[in-house]
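Colleague: Could you have a look at this structure, given as structure tokens, before my questions?
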Amino acid sequence: MPLFLFRILPGVVLLLCFGIAPQRAVPAAPPERIIRGGSIVTVNPAQPTAAALAIADGKIIAVGDEADVLRLKGPNTEVSDLGGRTLVPGFVDGHSHFASAVDVQVQALCASPPAGPCASVADVVAQLQKLRARRTIAPGGFVIGFGYDPDLLAEKRGPTRQELDAAFPDNPVILVHVSGHGAMLNSRALARFNISAATPTPSGGVIGREPGGNEPSGLLFETAFLPIFSNLPGPTDDEFVELLGSGQDLYLRAGTTTAQEGATMKRQLDLMRVAADRGLLKLDVVALPFIAEIDTIFAGRPPRNEPEYRNRLRIGGVKLLADGSPQGRTAFFTRPYLTGGPSGQKEWRGEPTVPQAMLNHWFKQVYDGGATLFIHCNGDAAIDAVLEAHRFAAGDDPAKPRGTVGIHSQFIRRDQLEKFAAWKITPSFFTLHCFYFGDTHVTNRGPEQASFISPMRSARALGLRPANHTDFNVSPLDQLFTIHTAVNRVTRSGKTLGEAERVGPLEALEAITIDGARMYGEEKQKGSIEVGKLADLVVLSANPLTVPAGTIESIRVVETIKEGKTVWRRAAGDDRP
């Protein structure tokens, strides 16, 4: 046999066994870790399953049969036994607010079951009072809660300004709506932000008024709430960095190895950089500076993505808003809500966040700068505005791949979905809405329109590869429930919402792995278990592809692995999602 055949044959054999590229066929050293003993779902159509994999220098160097992979074992190789469990790629966050991992530690959880404990107005007030006691908030200090949903409380309303005044006579209170797009304030909080009967309602915003007058009721939404949201009292800089380090465990216990900070303010970015440079981040974080902050964040330069992570943090685009929240009844539609507006408006369609001319300007500014554009859009009228802004900014070539992402795109029409496909705009859907807000959407929008929310199957049929997300802290960080809702689309009341838009479990898994990675332009490094990719992995208690579809939500993350190292492991007896 010629000498050159002796030299290349081992590489060819390994390539056939493992799918290893020839240049990686003979590692310089044995792998640091081998994982075996369970099902491995690769999300790689060329090799859908495997029995074992090997890891070196944070990357996957072999995937294949157990016996073949174990031949690479060296004296110091750690061999991890799955114990019959399932290994999948690390979950890639399609949209959330990473800095909320700090907020939830210093605010009161006022959500309704199963996300929180509140079933009545009294429960909400009690949660706020518990926070005041737990954090020993002095008179004059802000008491902040999040996640309240008036549609789910026994009274079918949220606490009034007067009820909050009675319970907190000495503290300003801000109770953030479950959408994150508005809040109820008590009188002290209104006064602290100089909101009075003389305050005009801004364009694109809602200021609730007391019946028969102009006195603010305390309810604020959208552009009326944004200045408050941007200046919510919170922890000091040092506390923020410390709490961010511990708060990331919320993502890790959900199996998330790449997170998104989906509307990043300058202070948040600066403090995340501090945390990153101190080596505190255990997962990758993609920051999306909020459009109103880009001149400060980019120091007057054109907005651009950072091509590489620095200590697990990078800027990956710019976040824009086109409208509000469908569950808050501020999303912008072509037809009126069946239930009116959030403060009793009649024939209410919602409003755009900004006029079309401003949206056009923002699109062009981001496109010209070269950053990836992530646009929040929910109602179909808002999506019309997004398509028009894209057409304006893209000029003669609207189909040029720019990586544009439609965050939520909840109530997209079929004709708009076809435009997304033609113009290469990727939707990042929010199928958790089917459960958390599906019944509310049927009431507000009617069954036909509500049944087409987050149309995963139709999007994939058009060649799109949508991501999927939790929008934490709008809904809990539960990636298995994200898969579950994409597969089942069942509401709180047990009704199926849009059966035709259900997808299979593999497609649902792809949406939070390889399709999420593709959305960030990182599909060559993440999102599937393949040779040469990062060893970002999740160990699950069961295989979501083989369990009965209705039980996917009961699967638990057992272990989260980032670049070959275990960064989170479930404690014995812990059965929380």
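Colleague: Over the stretch 262-341, with a single point scatterer placed on each C-alpha, what log10 of the ratio I(q)/I(0) does the Debye formula yield at q = 0.10, 0.15 1/Å?
Modeller: Log-scaled intensity ratios, in q order: -0.35, -0.63.
Colleague: Have a look at the DSSP beta bridges in the stretch 318-528 and tell me what percent are antiparallel, nearest 5.
Modeller: Expressed as a percentage, antiparallel bridges in the stretch 318-528 total about 5.
Colleague: Just grab the label-to-label distance for ASP397 and ALA154, each label 7 Å out from Cα along the Cβ direction, in nm (one decimal).
Modeller: Between ASP397 and ALA154, the simple spin-label model gives 6.2 nm.
Colleague: Something else now. Work out how much length GLU242 to THR566 would gain on full extension: take 0.36 nm times their residue separation and subtract the Cα-Cα distance, in nm to one decimal.
Modeller: Fully extending the segment from GLU242 to THR566 adds 114.6 nm.
Colleague: Starting from the amide H of ALA331, placed 1.01 Å from N in the peptide plane, find each other amide H under 5 Å away whose residue is 5 or more places distant or on another chain.
Modeller: Here GLY324, SER325 satisfy the definition.
Colleague: Under 25 Å Cα-Cα from LYS533, which lysines qualify once same-chain neighbours fewer than 8 residues away are excluded?
Modeller: Excluding near neighbours in sequence, the set is LYS59, LYS73, LYS282, LYS524, LYS562, LYS565.
Colleague: Continuing with the same structure: Using a Debye calculation, one point per C-alpha and no hydration shell, please list log10 I(q)/I(0) for the stretch 228-278 at q = 0.13, 0.14, 0.23, 0.25 Å⁻¹ in order.
Modeller: -0.34, -0.39, -1.01, -1.14
Colleague: Right, something else. At a 10 angstrom cut-off on C-beta neighbours, averaged per residue, how do the peptides 405-415, 126-136 rank from highest to lowest?
Modeller: Values: 405-415: 23.5, 126-136: 15.6.
By packing density, highest mean first, the sequence is 405-415, 126-136.
Colleague: How many nm separate the modelled label positions at GLN525 and MET358, each set 7 Å beyond the Cα in the direction of the Cβ?
Modeller: Inter-label distance under the simple model: 3.5 nm.
Colleague: THR339: accessible area at probe 1.4 Å, nearest 10 Å²?
Modeller: That residue has around 60 Å² of solvent-accessible surface.
Colleague: Each residue of the stretch 304-319 in turn: what ³J(HN,Hα) in whole Hz from Karplus with 6.51, -1.76, 1.60 and θ = phi - 60°, glycine and Pro shown as x?
Modeller: 9, 6, 8, x, 10, 6, 10, 6, 6, 9, 8, 7, x, x, 10, 9
Colleague: If amide hydrogens are placed 1.01 Å from N in the peptide plane, which non-local residues have theirs closer than 5 Å to the one on ARG209?
Modeller: SER217
Colleague: Next question. Taking the convex hull of the alpha carbon atoms in the stretch 314-384, what volume per residue do you get, in Å³?
Modeller: That works out to 88 Å³ per residue.
Colleague: Report the antiparallel proportion of the DSSP beta bridges in the chain as a percent, rounded to a multiple of 5. Don't jump to the answer; show the numbers that get you there.
Modeller: Values: 37 of 74 bridges.
Beta bridges within the chain, antiparallel portion: roughly 50 percent.
Colleague: Just to check I understand the Karplus step: with θ = phi - 60° and J = 6.51 cos²θ - 1.76 cosθ + 1.60, what whole-Hz values come out for the stretch 451-463, glycine and proline as x?
Modeller: Those phi angles translate into 6, 9, 5, 6, x, 4, 5, 4, 5, 5, 5, 8, x Hz.
Colleague: Another one. What do you reckon, how do MET265, MET358, MET456 stack up by accessible area (1.4 Å probe), largest on top?
Modeller: MET358, MET265, MET456
Colleague: Return one quarter of the surface area of the convex hull spanned by the alpha-carbon atoms of the chain, equal to its mean projected area, in nm².
Modeller: Average of the hull's projected areas for the chain equals 28.3 nm².
Colleague: Another question, if that's okay. May I ask you to give the percent of accessible area on the stretch 63-140 that is carbon plus sulfur, with a probe radius of 1.4 Å?
Modeller: Carbon plus sulfur share of accessible area: 49 percent.
Colleague: Turning to a different aspect of this structure: Around ALA459, with a cut-off of 11 angstrom between Cβ atoms, what is the net charge of the other residues, counting Lys and Arg +1 and Asp and Glu -1?
Modeller: 0
Colleague: What FRET efficiency comes out for THR49 versus SER541 if R0 is 25 angstrom and r is the Cβ-Cβ distance? Round to the nearest 0.05.
Modeller: Numbers: r = 18 Å, r/R0 = 0.71.
For R0 = 25 Å, the calculated efficiency reads 0.90.
Colleague: Give, as a single signed number, the net charge of other residues whose beta carbon lies under 13 Å from the beta carbon of VAL173, with Lys and Arg counted +1 and Asp and Glu -1.
Modeller: Taking every Cβ under 13 Å from that of VAL173, the sum is +1.
Colleague: What net charge is computed for the residues neighbouring ASN231, neighbours being all others with C-beta under 12 Å from the C-beta of ASN231, Lys and Arg scored +1, Asp and Glu -1?
Modeller: Net charge around ASN231: +2.
Colleague: For ARG576 and PHE193, what is the calculated FRET efficiency with R₀ set at 45 Å and r taken between the beta-carbons, to the nearest 0.05?
Modeller: Calculated transfer efficiency: 0.80.
Colleague: While we're looking at this one, here's another question. Given the Cα-Cα distance of GLU78 and ALA119 and 0.36 nm per residue of separation, how much length would full extension add, in nm?
Modeller: Gain in length upon complete extension: 9.9 nm.
Colleague: A follow-up question, please. Mind checking which lysines have their C-alpha under 24 Å from LYS419, skipping anything on the same chain fewer than 8 residues away?
Modeller: Within the straight-line limit of under 24 Å, LYS419 reaches these lysines: LYS319, LYS364, LYS400.
Colleague: Under 12 Å Cα-Cα from LYS495, which aspartates and glutamates qualify once same-chain neighbours fewer than 8 residues away are excluded?
Modeller: Candidates past the 8-residue exclusion: ASP439.
Colleague: Which percent of the accessible area of the stretch 152-304 is formed by carbon and sulfur heavy atoms (probe 1.4 angstrom)?
Modeller: Working: 3170 of 6050 Å².
Looking at the stretch 152-304 in its full context, I get 52 percent from C and S.
Colleague: Excluding ligands, DNA and RNA, what is the solvent-accessible area per residue of the stretch 306-388 at a probe of 1.4 Å, expressed in Å²?
Modeller: Values: 3040 Å² over 83 residues.
Result: 37 Å² per residue.
Colleague: Take the solvent-accessible surface of the protein heavy atoms, probe 1.4 Å, and return the percent of it on the stretch 424-577 that carbon and sulfur atoms account for. List each step's numbers first, then the result.
Modeller: Values: 2680 of 5210 Å².
Looking at the stretch 424-577 in its full context, I get 51 percent from C and S.
Colleague: Still on this model: Using only Cα atoms, find the angle between the long axis of helix 3-18 and the longest principal axis of the chain, and express it within 0 to 90 degrees, rounded to the nearest 10.
Modeller: Roughly 40 degrees between the two axes.
Colleague: In whole angstrom, and with the biggest value first, how far do the Cα coordinates of the stretch 461-523 range along each principal axis?
Modeller: Sorted largest first, the three principal extents are 38, 30, 15 Å.
Colleague: Whole-Hz Karplus ³J(HN,Hα) for the stretch 409-423, in order, using 6.51 cos²θ - 1.76 cosθ + 1.60 and θ = phi - 60°, x for Gly and Pro?
Modeller: Values per residue, Gly and Pro as x: 6, 4, 9, 5, 8, 4, 5, 6, 4, 5, 5, 4, 5, 5, 9 Hz.
Colleague: Additional query: Which length gain, in nm to one decimal place, applies between ALA166 and ASN231 when the Cα-Cα distance is subtracted from 0.36 nm times their residue separation?
Modeller: Values: separation 65, 0.36 × 65 = 23.40 nm, distance 2.48 nm.
Going from the current span to full extension adds 20.9 nm.
Colleague: Classify the stretch 318-528: rounded, prolate or oblate, from the alpha-carbon gyration tensor (a ≥ b ≥ c, eigenvalue square roots; a/c under 1.5 rounded; otherwise prolate if a/b is larger than b/c)?
Modeller: Here the stretch 318-528 falls in the oblate category.
The values are calculated or read from the model by the stated rules, or taken from the named source; none is laboratory data. What you see is a predicted model; the values in this text were computed from it and never measured. No Cβ is skipped: glycine too gets one built from the backbone with ideal geometry, and neighbour counts run over all protein chains shown. Quick note on the areas: whole protein, heavy atoms, side chains included, nothing else; ligands and nucleic acids left out. Shrake-Rupley method; radii C 1.70, N 1.55, O 1.52, S 1.80 Å.
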